[in-house]
Amino acid sequence: MTILRFEHVGGEASLRSLQDWRHVHNTIIPAHVLSLDDVRERAGRNHLEVAYLDDVLIGCSTVRPPTDDTATDDTATATVIARVLAAHRGRGFGGEMYERGLRHARTLGAEVIETVVLSSNPDGLRFALKHGFAETERYLLPGDTVPWIDLRLSA
């Protein structure tokens with residue numbers, strides 16, 4: 001397996017890691033472009049990482065920790081999202097990033113794992129389904145024209 005280098009985005013994160021996380025997010029989710037301030041705010045409440053192969057940016061990840069707001073039936077629910085730039089897909093990087101995020105979510109006490117994919121990202125949806133997720137909901141956010149898909153990891 002190829003060894004990726006991961007950098008945490010948050011706290012004392014370098015400007016480069018903030019910019020790189022933002023670049024991957026905005027490339028894969030153009031319907032919700034984030035500013036650097038948006039990324040800093042997300043880094044304050046979520047676990048964000050960027051992944052590099054040597055010095056080449058290949059993707060980013062988000063782990064939204066379980067909170068009282070995400071608890072369903074008193075079950076701690078976390079969200080794990082792995083994003084891989086199109087040029088680097090199909091080489092196992094997404095799986096490595098996802099497994100890393102899943103381990104982190106479990107250390108935070110997550111009993112249930114969810115993910116979310118923009119419906120205009122068929123690669124992301126195929127990845128989630130291949131890794132054991134099942135669709136639970138499709139919805140539009142106010143002002144959006146492309147649906148979001150919520151998925152839950154099957155036991």
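Just a few scattered comments:
- Any pair with Cβ under 8 angstrom, 6 or more apart, that starts in region 111-127 at a residue that is charged (D, E, K, R) and ends at one that is open to solvent by 50 Å² or more (accessible area, probe 1.4 Å): Glu114/Thr136; Glu114/Arg152; Asp123/Ala86; Asp123/Arg89
- Scanning region 106-145 for residues that are among the charged types (D, E, K, R) and out of contact with any Asp or Glu (no Cβ under 9 Å at 6 or more places or on another chain) yields Arg106, Glu111, Asp123, Arg126, Lys130, Asp144.
- Within region 35-63, being under 16 Å from His104 (Cα atoms), of a type outside the set (A, V, I, L, M) and not in a helix (DSSP H, G or I) holds for Asn46, His47, Glu49, Cys60, Ser61, Thr62.
- Check on Thr79, assigned to a strand (DSSP E or B) and either at pLDDT below 95 or among the polar types (S, T, N, Q) (or both): yes
- Extreme residue, farthest from Val80 (Cα to Cα), among residues of region 40-54 that are in contact with a helix residue (DSSP H, G or I) (Cβ under 8 Å, 6 or more places away or on another chain) and modelled with pLDDT under 95: Arg40
- Note on region 16-44: among residues that are free of Cβ contacts under 8 Å to residues at least 12 places away in the same chain and open to solvent by 70 Å² or more (accessible area, probe 1.4 Å), the one that is nearest to Leu102 (Cα to Cα) is Glu41.
- Of residues in region 113-149 being farther than 23 Å from Arg103 by Cβ and among the hydroxyl-bearing types (Ser, Thr, Tyr), the one farthest from the chain's Cα centre (by Cα): Thr145
- The set of residues from region 96-105 being touching a residue at least 12 places away in the same chain (Cβ under 8 Å) and either in a strand (DSSP E or B) or open to solvent by 20 Å² or more (accessible area, probe 1.4 Å) (or both) comprises Glu96, Arg100, Leu102, His104.
- Matching strands (runs of 3 or more DSSP E) fully within region 108-155 where at least 1 residues are open to solvent by 80 Å² or more (accessible area, probe 1.4 Å): 133-139
The values are calculated or read from the model by the stated rules, or taken from the named source; none is laboratory data. This structure is a prediction, so every number in the text was calculated from the model and none was measured. Please note: Cβ atoms are built from the backbone with ideal geometry, for glycine as well, and neighbour counts cover all protein chains shown. In case anyone asks, the SASA skips ligands and DNA or RNA and just uses the protein heavy atoms, side chains included. Shrake-Rupley method; radii C 1.70, N 1.55, O 1.52, S 1.80 Å.
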